[in-house]
């Protein structure tokens with residue numbers, strides 16, 4: 001890269017990043033505010049973090065969110081992987097187009113509609129809204145994302161690996177668990193993380209399908225903000241941002257390390 | 001004793017009427033939808049044979065191999081291995097192993113785990129697996145790479161791991177799908193001889209699929225030449241080269257000059273051929289071509305002598321003009337345009353460093369050959 005740092009370039013970068021990150025920076029800064037007033041700086045303090053951990057309502061919501069996230073992401077990963085396998089392996093069955101359309105529809109479906117229709121369904125079948133229904137809704141929402149991620153990996157998967165395993169005496173089931181699954185595991189893990197993140201920050205579908213006793217963190221934050229933003233909420237959001245940022249950084253570092261290691265290995269192999 | 005191609009072969013069960021066939025394709029047909037990949041094909045392969053399936057892409061050779069391995073079932077006909085009908089037996093229960101063109105090494109396993117994979121599936125005891133893996137690593141000279149992953153190996157090393165993995169279970173038959181296709185030329189030539197040694201050492205039956213005629217000629221005891229799902233000829237490499245069964249085979253393997261013509265006259269000893277463009281050719285071995293039949297006389301370039309004067313003793317001598325010369329080091333290839341318009345390719349071994357009577361472009365020249373130098377093809 002041989003970019004020149006002209007005044008125009010610098011200005012556009014600063015403006016661009018400011019547009020994207022200024023709100024988040026403000027939120028983080030004000031989470032360390034001494035003052036109770038959100039917009040007036042009263043000196044540095046971490047007291048809101050302390051009071052956050054004593055706010056039973058917020059802590060309960062965080063716990064619900066974590067459980068919903070883990071359970072729904074796990075179930076969605078299993079179902080999404082199965083859907084991806086079906087779509088890549090069985091290319092000719094009756095209703096394949098319909099099936100793939102239905103698997104991927106939630107990707108583009110407005111969340112309000114997904115939420116509303118799920119709510120109508122739960123009411124119609126008489127399910128009490130709560131932890132179970134919001135988990136179910138999140139599975140529906142995130143499964144298609146997992147399917148997309150896993151399918152893209154499966155398309156480039158070398159089928160001769162499976163044939164080689166069967167040729168060497170492994171039954172199809174053993175082949176799947178010893179060869180296919182380990183090879184596509186990175187994609188499955190990314191799919192799980194994507195599903196977990198989506199579940200973590202979903203507000204719309206959760207508001208439709210959740211019930212008393214199963215308030216998720218985004219719902220809790222939203223309802224508290226309507227009564228006025230407190231620095232406590234800022235602190236909660238800062239922690240959320242930190243968790244997500246650390247996750248992203250770890251993932252990309254691990255990726256980068258693997259890439260560098262692979263290149264070194266290949267160079268070593270070339271030398272013999 | 002005279003023999004084709006200056007090779008004497010002691011291992012030749014295909015000439016023994018009492019030899020028991022090991023692999024048998026009986027009228028096998030394989031269709032994919034409307035496309036017929038293999039068409040009513042019959043083929044016999046013997047134990048400990050190094051057998052090559054040679055053909056251009058899409059000729060059905062890989063399909064044959066995959067049917068042997070069990071990845072495809074024949075649409076019609078049957079395949080026997082050591083007397084046993086293979087129909088319905090899944091790949092994981094067949095006593096054959098395959099080395100894949102892409103090698104198909106398991107990327108998440110080390111070299112030794114790759115080799116041990118098949119043995120573990122059989123439930124072999126651990127100490128025995130370790131011993132067999134060590135033996136295999138030694139066989140392919142990869143002892144110090146046991147703990148590496150496939151992506152840490154060079155192309156040649158990967159090829160050897162794939163080979164070790166496929167022979168580790170001591171299969172009855174080893175199937176090799178373009179085993180040397182991904183290697184560069186020099187490495188490929190070395191590996192051809194390594195493969196032949198390995199086959200001798202292990203005493204296995206090898207069936208190799210290749211599109212490279214040189215590879216098939218070098219390694220195989222017999223070659224089956226396939227085209228459009230049918231066998232064109234099954235023979236030893238010298239037979240394929242020196243006595244091709246048809247124009248297709250003559251063209252497919254090596255270079256060849258073809259003279260279209262008719263059988264003009266047959267006597268007990270010789271047959272005279274009248275070329276379509278006027279050349280008169282006398283041959284000894286005209287096979288069963290009857291007088292008056294339309295035939296093709298095929299002759300390899302290295303069987304043709306080229307000289308600036310007409311050789312006094314030549315049975316067949318045709319005059320023309322040197323059109324092109326290619327100097328290849330070990331030999332020189334001349335393209336001569338005969339006076340009747342036919343192009344002839346003649347190659348001369350450069351057995352000496354200096355030549356008395358060199359030829360140049362546009363020189364008048366004579367091409368001559370013995371009466372047993374070529375073959376008469378009726379198909």
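The values are calculated or read from the model by the stated rules, or taken from the named source; none is laboratory data. Since this is a predicted model, take the numbers as computed values, not measurements. Every residue, glycine as well, gets a Cβ built from its backbone with ideal geometry; the counts of neighbours run over all protein chains shown.
The single condition from (1) closer than 25 Å to residue A:130 by Cα; (2) free of Cβ contacts under 8 Å to residues at least 40 places away in the same chain; (3) surrounded by fewer than 15 Cβ atoms within 10 Å (Cβ to Cβ) that residue A:74 fails is (2). Within the stretch B:74-98, the set of residues being more than 9 Å from chain A (Cβ to nearest Cβ) and surrounded by 17 or more Cβ atoms within 10 Å (Cβ to Cβ) comprises B:74, B:77, B:79, B:81, B:86.
Has the stretch B:111-127 got any residue that is under 20 Å from residue B:49 (Cα atoms), more than 9 Å from chain A (Cβ to nearest Cβ) and touching a residue at least 24 places away in the same chain (Cβ under 8 Å)? So that I can check it myself, show each step before the final result.
First, the residues of the stretch B:111-127 that are under 20 Å from residue B:49 (Cα atoms): none.
No, because not a single residue in the stretch B:111-127 is under 20 Å from residue B:49 (Cα atoms), more than 9 Å from chain A (Cβ to nearest Cβ) and touching a residue at least 24 places away in the same chain (Cβ under 8 Å).
Residues in the stretch A:229-272 that are within 14 Å of chain B (Cβ to nearest Cβ) and in contact with a strand residue (DSSP E or B) (Cβ under 7 Å, 6 or more places away or on another chain): 0 in all.
Here's the yes/no breakdown for (1) closer than 23 Å to residue A:196 by Cα; (2) modelled with pLDDT of 85 or more; (3) surrounded by 11 or more Cβ atoms within 10 Å (Cβ to Cβ):
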{"site": "A:89", "(1), (2), (3)": "no, no, yes"}
{"site": "A:95", "(1), (2), (3)": "no, no, no"}
{"site": "A:99", "(1), (2), (3)": "no, no, yes"}
{"site": "A:102", "(1), (2), (3)": "yes, no, yes"}
{"site": "A:107", "(1), (2), (3)": "yes, no, yes"}
{"site": "A:120", "(1), (2), (3)": "no, yes, yes"}
{"site": "A:125", "(1), (2), (3)": "no, yes, no"}
{"site": "A:132", "(1), (2), (3)": "yes, yes, yes"}
{"site": "A:140", "(1), (2), (3)": "yes, yes, yes"}
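Tally up the residues in the stretch B:109-137 that are surrounded by fewer than 14 Cβ atoms within 10 Å (Cβ to Cβ) and in contact with a helix residue (DSSP H, G or I) (Cβ under 6 Å, 6 or more places away or on another chain), please. Result for the stretch B:109-137: 0.
Surrounded by fewer than 19 Cβ atoms within 10 Å (Cβ to Cβ), within 13 Å of chain A (Cβ to nearest Cβ) and assigned to a loop (DSSP other than H, G, I, E, B) - does that describe any residue in the stretch B:163-171? Talk me through it step by step, then tell me what you get.
Let us first name the residues in the stretch B:163-171 that are surrounded by fewer than 19 Cβ atoms within 10 Å (Cβ to Cβ), namely B:170.
In the following step, the residues that additionally are within 13 Å of chain A (Cβ to nearest Cβ) were identified as B:170.
Okay, now just the ones that are also assigned to a loop (DSSP other than H, G, I, E, B), so B:170.
Yes, the conditions are met somewhere in the stretch B:163-171.
Only one of (1) within 8 Å of chain A (Cβ to nearest Cβ); (2) more than 25 Å from residue B:210 (Cα to Cα); (3) outside any loop (DSSP other than H, G, I, E, B) fails for residue B:135. Which number is that? Just one mismatch for residue B:135, condition (1). Within the stretch A:151-180, restricting attention to residues that are in contact with a helix residue (DSSP H, G or I) (Cβ under 8 Å, 6 or more places away or on another chain) and farther than 25 Å from residue B:65 by Cβ, the residue that is farthest from the other protein chains (Cβ to nearest Cβ) is A:151. Take the conditions (1) crowded, with 19+ Cβ neighbours inside 10 Å; (2) more than 14 Å from chain B (Cβ to nearest Cβ); (3) in a helix (DSSP H, G or I); residue A:112 misses just one of them, which is (1).
Answer yes or no as to whether residue B:29 is buried (at least 18 other Cβ atoms within 10 Å of the Cβ), in a strand (DSSP E or B) and at pLDDT 90 or above.
On the way: buried (at least 18 other Cβ atoms within 10 Å of the Cβ): no; in a strand (DSSP E or B): yes; at pLDDT 90 or above: yes.
Answer is no for this residue.
Residues in the stretch A:181-218 that are in contact with a helix residue (DSSP H, G or I) (Cβ under 7 Å, 6 or more places away or on another chain) and within 14 Å of chain B (Cβ to nearest Cβ): A:183, A:184, A:187, A:188.
Please determine whether any residue of the stretch B:138-146 is crowded, with 23+ Cβ neighbours inside 10 Å and more than 8 Å from every other protein chain (Cβ to nearest Cβ). Checked the stretch B:138-146: no residue is crowded, with 23+ Cβ neighbours inside 10 Å and more than 8 Å from every other protein chain (Cβ to nearest Cβ). Number of residues in the stretch B:246-272 that are touching a helix residue (DSSP H, G or I) at 6+ places or on another chain (Cβ under 7 Å) and loosely packed, with under 15 Cβ neighbours inside 10 Å: the value is 1.
Annotation: residue B:275 fulfils all but one of (1) surrounded by fewer than 20 Cβ atoms within 10 Å (Cβ to Cβ); (2) within 29 Å of residue B:52 (Cβ to Cβ); (3) in contact (Cβ under 8 Å) with a residue 40 or more places away in the chain; the unmet one is (2). Does the stretch A:245-261 contain any residue that is touching a residue at least 12 places away in the same chain (Cβ under 8 Å), part of a helix (DSSP H, G or I) and surrounded by 12 or more Cβ atoms within 10 Å (Cβ to Cβ)? Yes.
Of the residues B:178, B:239, the single one that is within 30 Å of residue B:122 (Cβ to Cβ) and under 16 Å from the mean Cα position of the chain (by Cα) is B:178.
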